């Protein structure tokens, strides 16, 4: 957006968390609609198609990645602004929905397609070693968290999409792309003053 | 393209209308081939898989959007040239064909996937409020026109893709992306002198 | 990547050939997994899902295209670096995997979708007449080579994907995109000194 007025830290954090919640709700609705994932524990209220803990967890995770990226003062290659955030969030959500659309494809096809798009998203968004480190961190931490959630019995992946210790084999690719974009959200959302 | 020779108004209008006709024919062929849409009125000749009125209407609509964008002298954020037109038209046609490929997906998946890609196309092409206004206008006017066409009995959407008053729920997303690109086609196609 | 240290000719050629082999192996694994293609001659060892000659041939073809592009000293419109190579290779591999995911789509949909994305990849990567020439050359030579391979009995396409003299009708689109990117790999991979 042409508007480059800077936001304060609280407003920046709020926008980033809301973005994570929104992308999480829309992407998760695709996974539930396609039968890729299923909620097994329903003690909390359901929003759209997600049980409350999921969008909150995702919003928190996106905020954490953005905060870590800001704290590390990574040497980004590209300066990203709010218009780029719309493009980046749109592409990550598209990749999320694509994994739902690939529901009945051979796993080789799903993993290669989401993996190659994740690499392209990272290389377009910010092809720096720092962003690569955050993307790899997200590709490890995200699936590990979901493996714990599945093991705890709160949710499950479909039998033909649970080949990675109970979660989908393409899940690291999705977290890789999300982590790459999330890592530099703070200055992109906050503007020059952030 | 490196060639920046400017075109006169008539040639510019002709190229833009031809682009709309070409994208409309190829995209519509996908919708007919996938069974997403069906022509019910055949009094006019058929070109490829479309009855004549459809590509003409689409070419006229693209020309109208480009003319409105030029008349409004929108404050575009990005200067687009003919090479960008090839990329923009390619992406809009790809989104058109994708809606055909998503034929048997859950509607949640189709709408989230086409919607997130439409936002990314707008944010990449020209993330300005003026382009957003034209995209939103197209996302309202296009589906309304198609609802009227369906109500008049000239064409119809498949029973599992007619949930928005007779047309597909993802149709506004497709028109959003097309409107975003079409709105600044005049100067991009016409060159510096347009 | 921020690293702009130049590579010597041998290292540049090695990286380019390895990139072609890697993309060929991953993309071919998708085609074999989806049943799009099938190996009929198994005298050589199999790597992942490919018989040895295929990745070698593809690595050689990518290297040849890069060498031709360098020799022709094409007037590229955009200077591409190693970060762009990651994005370009990612998108070409994604298009490769997409053709596997489109396995049971109507051929009109597959051809229009891969064709429009191939045009967008060319227009984004380097919208110059020289790159267009290499892309068209690849779109002709690649399918001709595969037609000869199929005629020789070494491999075959599925009966519903062999409409272009034994190979898939969308194959020229895939080679078009691959050729566009491969044509300017030499200086992009080699760095300033290449």
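Rule-based calculations on the coordinates, nothing more; no lab input. Keep in mind the model is a prediction, meaning the values are calculated, not measured. Cβ coordinates were reconstructed from backbone atoms using ideal geometry, including for glycine residues, and neighbour counts include every protein chain displayed.
A few points about this structure:
- Of the helices (runs of 4 or more DSSP H) lying entirely inside region C:115-194, those carrying at least 2 residues that are more than 27 Å from residue C:8 (Cα to Cα) and over 14 Å from the mean Cα position of the chain (by Cα) are C:129-151.
- Against the test of being more than 23 Å from residue B:147 (Cβ to Cβ) and more than 7 Å from every other protein chain (Cβ to nearest Cβ), the options B:55, B:75 yield a single qualifying residue, B:75.
- Residue satisfying all of: in region C:148-161; out of contact with any helix residue (DSSP H, G or I) (no Cβ under 9 Å at 6 or more places or on another chain) and more than 14 Å from every other protein chain (Cβ to nearest Cβ); farthest from residue C:101 (Cα to Cα) among these: C:152
- Flag for residue A:98 being over 25 Å from residue B:118 (Cβ atoms) and either touching a residue at least 60 places away in the same chain (Cβ under 8 Å) or within 14 Å of chain C (Cβ to nearest Cβ) (or both): no
- Every residue from region B:65-94 that is farther than 25 Å from residue C:130 by Cβ, surrounded by fewer than 23 Cβ atoms within 10 Å (Cβ to Cβ) and under 17 Å from the mean Cα position of the chain (by Cα): B:67, B:68
- Selection count where residues are more than 9 Å from chain C (Cβ to nearest Cβ) and either crowded, with 23+ Cβ neighbours inside 10 Å or on the phi > 0 side of the Ramachandran plot (or both), scope region A:127-142: 4
- Within region C:5-21, the residues that satisfy the criterion of being in contact with a helix residue (DSSP H, G or I) (Cβ under 8 Å, 6 or more places away or on another chain) and either closer than 27 Å to residue C:95 by Cβ or within 14 Å of another protein chain (Cβ to nearest Cβ) (or both) are C:7, C:12, C:13, C:15, C:16, C:17, C:18, C:19, C:20, C:21.
- When residue C:100 is tested against the conditions (1) closer than 16 Å to residue C:188 by Cβ; (2) touching a helix residue (DSSP H, G or I) at 6+ places or on another chain (Cβ under 6 Å); (3) assigned to a helix (DSSP H, G or I), the lone failure is (1).
- For region C:11-68, a tally of residues being outside any helix (DSSP H, G or I) and over 24 Å from residue A:114 (Cα atoms) returns 10.
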